[in-house]
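The values are calculated or read from the model by the stated rules, or taken from the named source; none is laboratory data. Quantities reported herein were computed from a predicted structural model and do not represent experimental measurements. Cβ atoms come from the backbone with ideal geometry, glycine included; neighbour counts cover every protein chain shown. SASA here: full protein model, heavy atoms, side chains in, ligands and nucleic acids out. Shrake-Rupley method; radii C 1.70, N 1.55, O 1.52, S 1.80 Å.
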Amino acid sequence: LNTLGDDPYRADIFWRFGGLHAGRGEFQEAESYYAKALEVQPGLTKAHIDLATVLIHTGRTNEAIAHYQQALDRVPGDPLANYNLGVVLQGLGQVASALEHFQKAVQAEQGNASYRLALASALEQTGKQAKALEQLEAALRFDPNSAEIHSRLGGALSAQQRYREAIDHLKKALSMDPANPEAHYNMGTTLAMNGRVADAMPHFLEAARLQPDHPRVHLACGMAYAETGRFAEAVESYRAALRLQPDLMPALVNLCWILCAHPDRNVRNGQEAVELARTALRVGGPDHPEAYDLLAAAYAEAGQWAEAIEAARQATTLATQKGRIELLSDLKRKLELYETEQPFRL
């Protein structure tokens, strides 16, 4: 490489060597070659894009964004630069900006299913569900044999309560890729929403087996177990979800109610319930009567009657202040139980 001299193709050669090292995971060497390519030809768009990707791998996100922007300054419609920058921005929570870049990527390369999937994701995050569905349907036209697209489309149709169509797509996804955790999760969710919780359970369990580090699949297992009366197993699933995401509110609330109010004393655990209720109150904020209702029930199960009464009164006061009339009779009934040192039972 030192003999390249003034070779007119040396920038491209440096770029190719950068790609060779990047493909091996040798990011420091790749960065060096991409930098040499840009020294020779500062406007080499593909070197800016690939250098940005290497910088993402090494955790230098801001520098990566700068190189994607430089690429787009040269070629504003470059689909890969727009797509990659969109992915980075979406990961940073800047969904509106990511959406704009995904739209530009799709406009430049309309037959790219991956770009349309990314655009659909950003549209879903910004509440544009109908437009997201359009992008998923378009993606499927360009790549009809993609298990991922069938799974995503099935999930989107399920959210619109188009269950029969959703199940058809999810069946196709699972026939193509039986080990697709997202397809199993979406199938379980669709079946559960359609009232078929027992049929949903195997799909949730398989999703949890395939994706054990994802809290939502354990949450789904817990909810399905509870719905079918298998509360001991529900408890373990909720605990698994909370080990992964301690502030997951549905798991906090559902597990706490089981531990403090289930009729079977072998299932209940008052002290654990109190800790869960305190966490739920901290995560959800002090303005919700339901949070104090939960805390009161947990204190009651733990035999802390003064605290249970105080929390129940706070729940009643908040419900009254917020005009939550539908809660008051239930809250007052529970307060009467705690005042006579009786716990609440489901």
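Scan region 255-277 for residues that are over 18 Å from residue 241 (Cβ atoms) and open to solvent by 40 Å² or more (accessible area, probe 1.4 Å) and the total you get is 6.
If the condition is being within 18 Å of residue 287 (Cα to Cα) and hydroxyl-bearing (Ser, Thr, Tyr), then region 298-346 contributes 316, 317, 320. Taking the numbered list (1) more than 20 Å from residue 19 (Cα to Cα); (2) at pLDDT 95 or above in turn, residue 75 passes all entries but (2).
Taking helices (runs of 4 or more DSSP H) as the structural unit, those lying wholly within region 282-340 and holding at least 2 residues that are in contact (Cβ under 8 Å) with a residue 40 or more places away in the chain correspond to 289-301, 325-339.
So in region 208-239, with the set limited to residues that are of a type in the set (Ser, Thr, Tyr) and either within 13 Å of residue 189 (Cβ to Cβ) or open to solvent by 20 Å² or more (accessible area, probe 1.4 Å) (or both), which one is nearest to the chain's Cα centre (by Cα)?
If we take residues in region 208-239 being of a type in the set (Ser, Thr, Tyr) and either within 13 Å of residue 189 (Cβ to Cβ) or open to solvent by 20 Å² or more (accessible area, probe 1.4 Å) (or both), then 225 is nearest to the chain's Cα centre (by Cα).
Being surrounded by 15 or more Cβ atoms within 10 Å (Cβ to Cβ) and of a type in the set (Lys, Arg), is that true of even one residue in region 132-150? No, the conditions are met nowhere in region 132-150. Residue pairs whose Cβ atoms lie under 7 Å apart, sitting 6 or more positions apart in sequence or on different chains, and linking a residue in region 52-70 that is over 16 Å from residue 22 (Cβ atoms) to a partner that is part of a loop (DSSP other than H, G, I, E, B) and open to solvent by 60 Å² or more (accessible area, probe 1.4 Å), do not occur here.
Report whether or not residue 200 is assigned to a helix (DSSP H, G or I), under 24 Å from residue 301 (Cα atoms) and open to solvent by less than 60 Å² (accessible area, probe 1.4 Å). Taking the combined requirement at face value, the residue does not satisfy it. Consider region 248-276 and keep the residues that are in a helix (DSSP H, G or I) and among the acidic types (Asp, Glu). The one that is nearest to residue 236 (Cα to Cα) is 272.
Examine region 71-80 for a residue that is touching a helix residue (DSSP H, G or I) at 6+ places or on another chain (Cβ under 7 Å), assigned to a helix (DSSP H, G or I) and more than 29 Å from residue 146 (Cβ to Cβ), and state whether such a residue exists. The answer is yes; a qualifying residue exists.
Note on region 205-232: residues that are in contact (Cβ under 8 Å) with a residue 12 or more places away in the chain, assigned to a helix (DSSP H, G or I) and not aromatic (Phe, Trp, Tyr) amount to 18.
Cβ separations smaller than 9 Å between residues 6+ apart or across chains give the following pairs from region 97-112 residues that are in contact (Cβ under 8 Å) with a residue 24 or more places away in the chain to residues that are in a loop (DSSP other than H, G, I, E, B) and of a type in the set (S, T, N, Q): 99/126; 105/112; 106/112. In this entry, residue 129 is excluded by the filter for residues that are within 24 Å of residue 203 (Cα to Cα) and either surrounded by 15 or more Cβ atoms within 10 Å (Cβ to Cβ) or not aliphatic (A, V, I, L, M) (or both).
Please enumerate the residues belonging to region 91-103 that are under 17 Å from residue 128 (Cα atoms) and part of a helix (DSSP H, G or I). Spell out the reasoning first.
Residues of region 91-103 under 17 Å from residue 128 (Cα atoms): 93-103.
The answer is 95, 96, 97, 98, 99, 100, 101, 102, 103.
How do the pairs read when you match residues in region 160-177 that are touching a residue at least 24 places away in the same chain (Cβ under 8 Å) with residues anywhere that are open to solvent by 30 Å² or more (accessible area, probe 1.4 Å) and not aliphatic (A, V, I, L, M), using Cβ under 6 Å and keeping only pairs 6 or more apart or on different chains? Once the first residue is touching a residue at least 24 places away in the same chain (Cβ under 8 Å) and sits in region 160-177, its partners that are open to solvent by 30 Å² or more (accessible area, probe 1.4 Å) and not aliphatic (A, V, I, L, M) give 163/194. Residues in region 66-115 that are open to solvent by 30 Å² or more (accessible area, probe 1.4 Å) and among the hydrophobic types (A, V, I, L, M, F, W, C): 66, 75, 80, 87, 92, 96, 108. Tell me whether region 243-258 contains one or more residues that are of a type in the set (Asp, Glu), under 16 Å from the mean Cα position of the chain (by Cα) and modelled with pLDDT of 95 or more. Yes - at least one qualifying residue is present in region 243-258.
Among residues belonging to region 305-346 that are among the hydrophobic types (A, V, I, L, M, F, W, C) and either in contact with a strand residue (DSSP E or B) (Cβ under 6 Å, 6 or more places away or on another chain) or open to solvent by 70 Å² or more (accessible area, probe 1.4 Å) (or both), point out the one that is nearest to residue 261 (Cα to Cα). If you could, list the steps in order and put the result at the bottom.
From region 305-346, those among the hydrophobic types (A, V, I, L, M, F, W, C) are 305-306, 308-309, 311-312, 315, 318-319, 325, 327-328, 331, 335, 337, 344, 346; that's our starting set.
Remaining after also requiring either in contact with a strand residue (DSSP E or B) (Cβ under 6 Å, 6 or more places away or on another chain) or open to solvent by 70 Å² or more (accessible area, probe 1.4 Å) (or both): 306, 325, 346.
Values: 306: 18, 325: 23, 346: 5 Å.
Step by step, filter region 305-346, then rank; the result is 346.
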